[in-house]
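The values are calculated or read from the model by the stated rules, or taken from the named source; none is laboratory data. What you see is a predicted model; the values in this text were computed from it and never measured. Neighbour counts run over all protein chains shown; Cβ positions are idealised from the backbone, glycine included.
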Amino acid sequence: MKQLDIATFNQAAERLFGYDADEVIGQNAAVLLPERLLAEVIDQVQAFAMSGAASTQIRRARPAVRATQERGGVPAEIYVSKLAEADRTMFTAIIRDVTDRENMLTALRQTNQTLDAVVQSSPFAIVAINSARRVIAWNRAAERIFGLPPEKAVSQPFAAIETVIGGEIDHLVRRLLSGEMLHDLEIQHQSAGGTDWTCGYQGRRCASPTGVSEGPSASSRT
């Protein structure tokens, strides 16, 4: 990173990188980056220097900086702005440690995987529909009961699958969307071969962690 020497280094940078300001001021900014990222960051900074933009974000799949020896590299967001003077261009980098966010996203992915495993292994058909009336969950039991594979149900408008699972379900969905909680509601169905069968339903309207209504979720059994 030719001529990109560090001119200022604040206390937050000292805590993140584990260097005192007087240890790095005057050194090349490359000391703050893992070697595997140098070429990528250099290319982006050079392109930014020649552009007319006043600021940019260093973009990569998992941005990281070289932090303290104890912590190793840490995921970070890096924003760069520039100030052109008569004989030089000054770059200012704002670096945000996103370790906590990355850990939270990892934990959320693991939770979702566990939840999906529970939903898929349930002997009851589990179907979830969002507030836009699109199917967002359809487990193996739902495929077995209604004869529709998840790839033909998930993300589809509920109206598109209504003819497969029965028009009576539309009334059930409307009741759930209105906030009603259903328990052991029995609905008569007829298979394509003309065989009648009874399916019991229970469900309720669901909400996101922030309290925003997401739509109904229902389980059924034959």
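Among the residues of region 7-23, what is the count of those that are within 20 Å of Lys82 (Cβ to Cβ) and surrounded by 13 or more Cβ atoms within 10 Å (Cβ to Cβ)? Of the residues in that region, 2 qualify.
Yes/no per residue for (1) under 28 Å from the mean Cα position of the chain (by Cα); (2) within 15 Å of Thr92 (Cβ to Cβ):
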position	(1), (2)
Leu16	yes, no
Tyr19	no, no
Val31	no, no
Ala49	no, yes
Ser55	yes, yes
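Taking the conditions (1) part of a loop (DSSP other than H, G, I, E, B); (2) out of contact with any helix residue (DSSP H, G or I) (no Cβ under 8 Å at 6 or more places or on another chain) in turn, Leu148 satisfies each one other than (2).
Of the strands (runs of 3 or more DSSP E) lying entirely inside region 61-135, those containing at least 1 residues that are at pLDDT below 90 and either among the basic types (Lys, Arg) or surrounded by fewer than 15 Cβ atoms within 10 Å (Cβ to Cβ) (or both) are 64-66, 73-84, 89-97. Starting from region 141-159, keep only residues that are on the phi > 0 side of the Ramachandran plot, then list their pairs with residues that are crowded, with 19+ Cβ neighbours inside 10 Å and β-branched (Val, Ile, Thr) whose Cβ atoms are within a distance under 7 Å, requiring at least 6 positions of separation or different chains. So the pair list comes out as Ser155/Val135.
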